[in-house]
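Only one structure is covered here, and it is reproduced in the block below.
The values are calculated or read from the model by the stated rules, or taken from the named source; none is laboratory data. These figures come from a predicted structure and were not determined experimentally. Here Cβ is always computed from backbone atoms with ideal geometry, including for glycine, and neighbour counts include all displayed protein chains.
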Amino acid sequence: MRIAMVSEHASPLAALGGVDAAGQNVHVARLTEQLAKRGHDVTVYTRRDSLDLPDRVPLPGGAVVEHVPAGPAEPVPRDELSPYIPTFGAALARAWSRRRPDVVHAHYWMSGMAAQIATGPQELPLVQTFHALGSVKRRHQGKRDTSPAERVAVERRLARACRVLATCTDEVLELGDLGVPTRRISVVSCGVDAGQFRPGALGTGVPPRGRRYRLLACGRLVARKGFDHAVRALAGIPDAELLIAGGPPAERLGTDREARRLTALARRLGVGDRVTLLGSVAPDDMPALLGSADVVLCTPVYEPFGMVPLEAMACAVPVLATDVGGHRDSVADGVTGRLVPPRNPDAVAAAARELLADAELRDRYGRAGRDRVLKHYTWHDVVEGTERVYRLALAEHAQVQEGA
């Protein structure tokens, strides 16, 4: 199958940890890699954000990344990219007129816009993965939401016009509220490399353990990730330390707004000596860092899916997560960890104290988490599910063509 993967801002080649480089980049990279290994011809189309980038970059396994000129060849915040999407879409149309894909898979709403521009005259089957919905972001961020005004309307139009590949059941409910029939939606969860993320993984640069319990939180240093709630919870967990991994390199944390906010908060709460911001951590070192924790905290105020719980569970570490979005699918409450209400540091502290006081419970949750990943969240599962969605999109497209 010839697959065109469209990911306008999230390149599979990007270094992780930046404001716009995280789970979507990993998902697109690994999905592309695994599809290519299964014999598919995959090309990823992403926006050129540097003059130094070659037009085409081969990936391990046979896939290719194509850098599409659209807007300035420099980094642009994703919420400021929409004016360049028509140019991006026109470039895709030209590329696909020369080499027609069998199916197009768009990641994020602006990729969907570009793909619709390109597929319109070519009448190609389109699969859409949103990764995050504007309606959810607007509800939680309110006036702080920097998304373009047209985002929700575009997402509604996209979802009604193509096959939607959702990553969790919470997204299906949100799409239903937008008026999208469930028959147009398929659910395929994100995946984790259970060979890389495993118990006993080795890595360099992991801070040595002291006598305190270790709590670990990971992700981009942005407000919605709720690291401030983890810091506030630490005030109620006197015998623990909190490590926060993510953001810019450690030497640049002093210039990062969110890092400065968290550091100031920790000092104000009297836990500054027990909070350590690590900055960005090399991907190869993340399994060892996760394995060094007694409990992994995932406390965002909302989370479209969330890769950290899966990575922690794969390392057999119990997860304490907010009861939002994809966490409701991945974390089995009372089996692989605990789910607590969002924006509630007291609930986080109470659940953490319970887990830290019971080593046998932590061990049981950890083993159950590893088993859950192996049964439901490997890349083998993700790729097989994605292939099924592609075949469904192709069949639906053929029916429409026959009836035209």
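Within the group V187, V172, V164, V192, which residue is of a type in the set (A, V, I, L, M), at pLDDT 90 or above and touching a Phe, Trp or Tyr at 6+ places or on another chain (Cβ under 6 Å)? Step through it out loud before you land on a result.
Working: V187 fails: touching a Phe, Trp or Tyr at 6+ places or on another chain (Cβ under 6 Å); V172 fails: touching a Phe, Trp or Tyr at 6+ places or on another chain (Cβ under 6 Å); V164 fails: touching a Phe, Trp or Tyr at 6+ places or on another chain (Cβ under 6 Å).
The conditions single out V192.
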### Query
If you scan segment 86-118, which residues turn out to be surrounded by fewer than 23 Cβ atoms within 10 Å (Cβ to Cβ), in contact (Cβ under 8 Å) with a residue 12 or more places away in the chain and assigned to a helix (DSSP H, G or I)?
P86, T87, A90, A91, A93, A95, W96, S97, Q116, I117
### Task
Would you check if there is a residue in segment 279-289 being buried (at least 17 other Cβ atoms within 10 Å of the Cβ), in contact with a Pro (Cβ under 6 Å, 6 or more places away or on another chain) and of a type outside the set (F, W, Y)?
yes
### Task
Please verify whether segment 273-287 includes one or more residues that are among the charged types (D, E, K, R), under 17 Å from the mean Cα position of the chain (by Cα) and within 24 Å of T378 (Cβ to Cβ).
no
#### Entry: Scope segment 207-219; condition buried (at least 19 other Cβ atoms within 10 Å of the Cβ) and over 15 Å from P318 (Cβ atoms); matching residues
G219
### All positions within segment 39-61 that are modelled with pLDDT under 95 and in contact with a helix residue (DSSP H, G or I) (Cβ under 9 Å, 6 or more places away or on another chain)
L59, P60, G61
### Task
Please tell me if L392 is more than 30 Å from D228 (Cβ to Cβ), of a type in the set (A, V, I, L, M) and over 20 Å from the mean Cα position of the chain (by Cα).
yes
#### Entry: Lone qualifier among R184, R232, R224, R163 - being closer than 30 Å to P83 by Cβ, of a type in the set (K, R) and crowded, with 20+ Cβ neighbours inside 10 Å
R163
### Search result, residues across segment 351-374 that are more than 26 Å from the chain's Cα centre (by Cα) and surrounded by 16 or more Cβ atoms within 10 Å (Cβ to Cβ)
R353, L355, L356
